[in-house]
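Structure first, then comments.
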Amino acid sequence: MILPHRERWQCCPGRGAAYARAPARQIAQAVRFVAEGDSILFPDAVRRLATARPVRPEAAARTAALTQRETEILRLMARGLSNQAISAELVVSQETVKTHVGNILAKLGADNRTQAVITAFQAGLADPEAA
């Protein structure tokens, strides 16, 4: 549940991050995604988390273990795309995307998509300002 709380971001453990002041349309979409078992990231929320941190060599080292396809999916995750949107963009099944996301989380040692995206920003794989 997302509750109004000034300008602070709210985090649903393991499911994503969103600003409580996000437009109602975005919050409704996020609730639908989470109800379907997907995760959601609001780019503004993650951008604020990531821009406070400079590019880190240890993050780049962790992302070096990713395959080309996993890197591509991580970049799309950093843009705030859901598994459904990634599958449409890459013309693959949602199950394939979920498998890649699971591999990405395991290789990065991330507990959730939010941590993986922050690692992508820290490694310089994605630009928080372009998300």
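The values are calculated or read from the model by the stated rules, or taken from the named source; none is laboratory data. What you see is a predicted model; the values in this text were computed from it and never measured. All Cβ positions, glycine included, derive from the backbone under ideal geometry; neighbour counts span all protein chains shown. All accessible areas refer to the heavy atoms of the entire protein, side chains included, with ligands and DNA or RNA removed. Shrake-Rupley method; radii C 1.70, N 1.55, O 1.52, S 1.80 Å.
Pairs are defined by a Cβ separation below 6 Å, a sequence spacing of at least 6 or placement on different chains, a first member in segment 111-126 that is at negative phi, and a second member that is of a type in the set (Val, Ile, Thr); the pairs so defined are ALA116/ILE104; VAL117/VAL46; ALA123/THR63; LEU125/THR63. Of everything listed in (1) in contact (Cβ under 8 Å) with a residue 40 or more places away in the chain; (2) open to solvent by 70 Å² or more (accessible area, probe 1.4 Å), the single unmet condition for VAL91 is (1).
Taking into account only those residues within segment 64-113 that are within 20 Å of VAL31 (Cα to Cα) and basic (Lys, Arg), which is nearest to the chain's Cα centre (by Cα)? Selected residue: ARG113. Within the bounds of segment 55-66, is there any residue that is within 22 Å of GLY109 (Cβ to Cβ), modelled with pLDDT under 70 and either surrounded by 14 or more Cβ atoms within 10 Å (Cβ to Cβ) or touching a helix residue (DSSP H, G or I) at 6+ places or on another chain (Cβ under 9 Å) (or both)? There is at least one residue in segment 55-66 that is within 22 Å of GLY109 (Cβ to Cβ), modelled with pLDDT under 70 and either surrounded by 14 or more Cβ atoms within 10 Å (Cβ to Cβ) or touching a helix residue (DSSP H, G or I) at 6+ places or on another chain (Cβ under 9 Å) (or both).
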